[in-house]
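Let me begin by presenting the structure, written as structure tokens, before commenting on it.
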Amino acid sequence: MTDSAFCIHAHFYQPPREDPLTGVIPNEEGASPYKNWNERIHSQCYKPNAELGNFSRISFNIGPTLLEWMLKFDIETAEKIVEQERQGYLNYGFSQGMAQAYNHTILPLASRQDKYTQIKWGMYEFQHRFVHPAEGIWLPEAAVDNETLQIAVDCGVKYIILAPWQCANSNKNMTQPGMVELGNGKQISVFFYNQGLSTRVSFDPGSTSNADDFLTRLILPEFINGNKGADQDKLLIIASDGELYGHHQKFRDQFLARLTTDSLKGKPVIRSTPAEWLQKHPSKETVTIVQRSSWSCHHGIQRWRDNCGCTPHSDWKAPLRSALDQVARIIDPVFEQIVESCGVDPYYLRDDYIHAILGIVPMDDFLHDHLKQGTSDIKFKQVAFLLRAQYERQRMYTSCGWFFDDFDRIEPRNNVKYAAQAVWLTVQASGELQINSFLPVFNKVISPRTGLRADQVFLQHTQAAQAAWSEAVSKA
């Protein structure tokens, strides 16, 4: 007897909105009557989906920085999400959830070392929150290349989900997972989501007004029509942004609840998840992925590095990418030199820093555990500043900074602020750099709508950071 199964995968994520200096999200007028968009989306999506138990019946990932915010804002809802996923793992032995690269960085555009940090941080954060290891990882924007997959395998990842156009094999049966061979004995399973159903869910509200009808009229025919191998086991994955369920489309949290419960009664189809499917139906067919491709840019990954048809007239994007890359090239050697002088591999230390970021280990204890005996108090302070600078340096590559068409939005402005904070902290630790020397790097990043320049954002933030530091020192 063959298995006919479908899976909803929901990608829950919001860009970081916190000011890097205060740690506070500024009031956002468009989110009214809520203080900011996080609070509004939480009320319309995360909370009702948790109350309906939807996280126990779908495959999902939730951004680490979003979950961190939620644990502070509404710990009860965050704990419901964690408990629903954890209980499924305890009951059935497979994970409903997937990890996510920590700062939603476009990994094919990242350095090899940054890929490791992002994936290690994401995998460890998942294990810490959900108390079991993740088997899969959501690659931000589903952006992929072989190096990213090789590193993911090194970090314990068994599977990923991609868009169907990211498969280079023209005749691939998308109801079956494939196996990507990565060399040196490494391989990873890849699921390709169903394009038609995913598009319907995401962009056709009329099709999701009735869950019973959606299952009968749209899902069930997929097991008969349009897919090779009538006698094969088949898994249909429907993938979308999780915020669709209640925020982007009203009442779709209830649609999701019914689709995964009562709509199934008496129907020749079951629910599944990628982790469960792989237990029963291991990947057999070898596939090849389209290198440096993604799910939300049909120009590959151009949307996050230059002007493309997805966001026309975005000439500021390439200079922003170039400016942030230059910041990394300048501050990384300072980090490396000082940390190495303390007898530690700088990138091993950075990867392990996730323990301090998550509050598992107090920062002082973390440093004492890692730095060699006899390290001076001055070096301790330098390394503490530099690790925080590296955290901000990771945040400055958050993908949302390039997603839209204008620079004068909170997402790209924040990326510049994170870069400015990384530079300011590095300067405080080393005294070797001049903040003003970074301004020319950013002056070509200009909003086509308001004329705001990134160097203005950078300078304003570093001045505010210096003023806050001076005030703190005067009170000490």
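Quick notes
- Computed over the range 312-475, relative contact order equals 26 percent, with contacts defined as Cα pairs under 8 Å that lie 6+ residues apart.
- Charge context of Q337, other residues only, Cβ under 15 angstrom, K/R +1, D/E -1: -2
- Taking amide H atoms as placed 1.01 Å from N in the peptide plane, the amide H of S399 lies under 5 Å from those of T105, I106, each 5 or more residues away in sequence or on another chain.
- Taking other C-beta atoms within 10 angstrom as a stand-in for reagent exposure, S474, S263 fall in the order S474, S263, fewest first.
- Relative contact order for the chain, counting Cα pairs under 8 Å that sit 6 or more residues apart, in percent: 17 percent
- Under 5 Å from the amide H of W138 lie the amide H atoms of A99, Q100, A101, each residue being 5 or more positions distant or on a separate chain, with H modelled from the backbone and absent for Pro and chain starts.
- Among K186, K115, K72, sorting on how many other beta-carbon atoms sit within 10 Å of each Cβ, with the fewest leading, yields K72, K186, K115.
- Length available on full extension from E147 to K280: 0.36 nm per residue minus the Cα-Cα distance, which gives 45.1 nm.
- In Hz, Karplus ³J(HN,Hα) per residue of the range 133-138 (6.51, -1.76, 1.60; θ = phi - 60°; x = Gly, Pro): x, 7, 9, x, 9, 8
- For peptides 4-16, 187-199, 446-458, sequence by mean Cβ density within 10 Å, most packed first: 4-16, 187-199, 446-458
- Ranked packing of 28-41, 395-408, most packed first, by mean Cβ within 10 Å: 395-408, 28-41
- Counted charge near F73, where neighbours are those whose Cβ lies closer than 13 Å (Asp, Glu -1; Lys, Arg +1): -1
- Derived scalar couplings ³J(HN,Hα) [the range 62-78; Karplus, 6.51 cos²θ - 1.76 cosθ + 1.60; whole Hz; x for Gly, Pro]: 10, x, x, 6, 5, 5, 4, 4, 5, 5, 8, 7, 8, 5, 4, 5, 4
- Cα centroid separation, the range 379-420 to the range 333-364 (Å): 18 Å
- Value in Å of the Kirkwood radius, where the range 1-147 supplies the Cα pairs that are averaged: 16.4 Å
- Against the empirical curve 2.2 N^0.38 Å, the C-alpha radius of gyration of the range 315-441 lands at a ratio of 1.12.
- Sorted by Cβ neighbour density within 10 Å, fewest at the top, the residues L386, L90, L66, L264: L90, L264, L66, L386
- Cα centroid of the range 44-96 to Cα centroid of the range 133-184, whole Å: 24 Å
- Nonlocal amide H pairs with D241, under 5 Å, H built at 1.01 Å: H11
- Largest first, the three principal axis extents of the alpha carbons in the chain are 71, 49, 43 Å in whole numbers.
- Applying the criteria of a DSSP loop state and at most 15 other Cβ atoms within 10 Å to the trypsin sites (Lys or Arg not before Pro) of the range 273-372 yields K284, K372.
- Listed peptides 212-219, 160-167 appear in the order 160-167, 212-219 once ranked by packing, highest mean of other Cβ atoms within 10 Å at the front.
Each reported figure results from applying straightforward, stated rules to the coordinates on display, with no laboratory input. For clarity, every value in this text was computed on a predicted model and none was experimentally measured. Cβ atoms come from the backbone with ideal geometry, glycine included; neighbour counts cover every protein chain shown.
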